[in-house]
Each structure stands twice: as structure tokens, then as C-alpha cells.
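The values are calculated or read from the model by the stated rules, or taken from the named source; none is laboratory data. Model, not experiment: these values are computed from the prediction. As a convention, Cβ positions derive from the backbone with ideal geometry for all residues, glycine included, and neighbour counts pool all protein chains shown.
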Amino acid sequence: MSKHAFYLDVDRCSGCMACAVACMDQNDLEIGAEPTAWRNVFKVETGSGADARLRYVSIACMHCEDAPCIIACPTGAIAREPGTKAVKVDQELCIGCHSCSIACPFGVPRFGVEGTMQKCDLCTVRLENGLEPACVRACPTKALKQGDPNAISQDRETKAAARLAAGA
């Protein structure tokens with residue numbers, strides 16, 4: 001199982017884009033260049049009139065347990081990193097065929113200016129040094145979290161139970 005997962009609390013996300021900017025800064029991605037950021041924030045509008053709601057969803061690579069991009073890569077350029085279990089692209093092996101991007105249900109891997117695929121690497125250098133990924137660190141509302149999937153799930157269950165108990 002993956003040692004790391006992202007969690008987004010959509011009730012807290014303000015759509016400020018700090019996570020995307022931090023991603024661009026951490027990975028030396030330029031504004032206007034492709035890929036623009038390995039984390040993107042999408043605006044989701046639902047309802048109408050008094051029931052209208054506006055929410056934001058911050059999405060990056062999910063570092064899936066059964067990552068279809070790994071299976072689709074014909075050269076083995078996409079693989080799970082042994083330490084953090086992050087799904088990473090080896091630029092030396094990538095031939096830029098787009099198979100990983102086509103296979104990914106989120107369309108995460110993107111064609112970069114170097115002619116190879118690029119994607120979120122979970123800020124493995126930061127993780128290896130005991131730091132949070134840049135996107136998580138930059139989130140001013142603490143809507144974005146990263147950690148052990150089981151711990152995140154347990155935390156969410158505890159908070160949901162507390163809300164239910166408070167309402168009873």
C-alpha cells in the first residue's frame with residue numbers, strides 16, 4: 001500500500017491557487033509553459049438560485065495503488081519509488097508516447113517541453129527530508145493534507161463521528 005496520500009477538504013478550499021503556485025515553484029515550472037503545474041484547482045458550480053454553491057477541487061497525481069500509468073508505460077519509465085511509494089517518471093527512460101496520460105483516469109501525466117511526460121512526484125525530496133509536499137505546506141486554509149492513507153481515513157472518521165455526536 002502507498003505510504004502517502006493526499007486529502008482535500010472541499011469545505012475548506014478557497015480556490016486561492018497557493019497549492020498550484022507552490023507546485024510550480026518547487027518544480028521550476030514556468031507560468032505559461034507546458035505543463036503549467038502538476039497540481040490544478042478546478043471550480044465546481046452546482047445548483048441554482050438560493051441553492052447555488054461554488055466549490056474548488058485541488059487535484060494532482062493520486063499515486064494510485066494500482067496505477068494504470070505504470071501498467072501502460074511500454075518502457076518502464078513510470079514506476080513506484082521504493083521509499084515513499086510515489087509514482088514517478090524516469091526522464092531517461094521516457095519516450096514521450098503519451099500511453100501513461102491516456103491510461104490515467106485523471107489525465108495527470110502531461111507532455112513537457114523536454115519531449116517527455118511529467119507529473120507530480122509527491123515532492124519526494126521534501127518527504128525524504130521530513131517536510132510536507134510544497135502544495136500542502138502552502139495551503140493557507142489547511143484544506144490539503146498528505147500522509148498515510150489509513151491515518152487520514154481514521155482522522156476523517158473521528159471528525160465525522162464528532163460532528164454526528166454534536167448534532168444529536
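The single condition among (1) under 16 Å from the mean Cα position of the chain (by Cα); (2) over 22 Å from K145 (Cα atoms) that C61 does not meet is (2).
Taking the residues in the range 107-131 that are in contact with a Gly (Cβ under 9 Å, 6 or more places away or on another chain) and under 18 Å from Y7 (Cα atoms) as candidates, determine which candidate is surrounded by the most Cβ atoms within 10 Å (Cβ to Cβ).
Of everything passing the filter in the range 107-131, L127 is surrounded by the most Cβ atoms within 10 Å (Cβ to Cβ).
If you go through the range 117-139 and keep only what is of a type in the set (S, T, N, Q) and either touching a Leu at 6+ places or on another chain (Cβ under 9 Å) or assigned to a helix (DSSP H, G or I) (or both), you end up with Q118, T124.
Residues in the range 7-34 that are within 21 Å of R110 (Cβ to Cβ), crowded, with 18+ Cβ neighbours inside 10 Å and not aliphatic (A, V, I, L, M): C19, C23, Q26.
Looking for something surrounded by fewer than 12 Cβ atoms within 10 Å (Cβ to Cβ), within 16 Å of F6 (Cβ to Cβ) and modelled with pLDDT of 90 or more - is there at least one such residue anywhere in the range 145-167? No, every residue in the range 145-167 fails to be surrounded by fewer than 12 Cβ atoms within 10 Å (Cβ to Cβ), within 16 Å of F6 (Cβ to Cβ) and modelled with pLDDT of 90 or more.
Listed by first and then second residue, the pairs linking a residue in the range 89-106 that is over 10 Å from C73 (Cα atoms) to a residue that is charged (D, E, K, R) and surrounded by fewer than 14 Cβ atoms within 10 Å (Cβ to Cβ), with Cβ atoms under 8 Å apart and 6 or more places separating them unless they lie on different chains, are Q91/E114. Would you be able to say whether some residue in the range 69-85 is touching a Ser or Thr at 6+ places or on another chain (Cβ under 9 Å), under 28 Å from K142 (Cα atoms), among the aliphatic types (A, V, I, L, M) and touching a residue at least 24 places away in the same chain (Cβ under 8 Å)? No: the range 69-85 contains no residue that is touching a Ser or Thr at 6+ places or on another chain (Cβ under 9 Å), under 28 Å from K142 (Cα atoms), among the aliphatic types (A, V, I, L, M) and touching a residue at least 24 places away in the same chain (Cβ under 8 Å). Identify the residue in the range 76-88 that is at pLDDT 95 or above and surrounded by 20 or more Cβ atoms within 10 Å (Cβ to Cβ) and, among all such residues, is nearest to P149 (Cα to Cα). Among those residues, the one meeting the criterion is I78.
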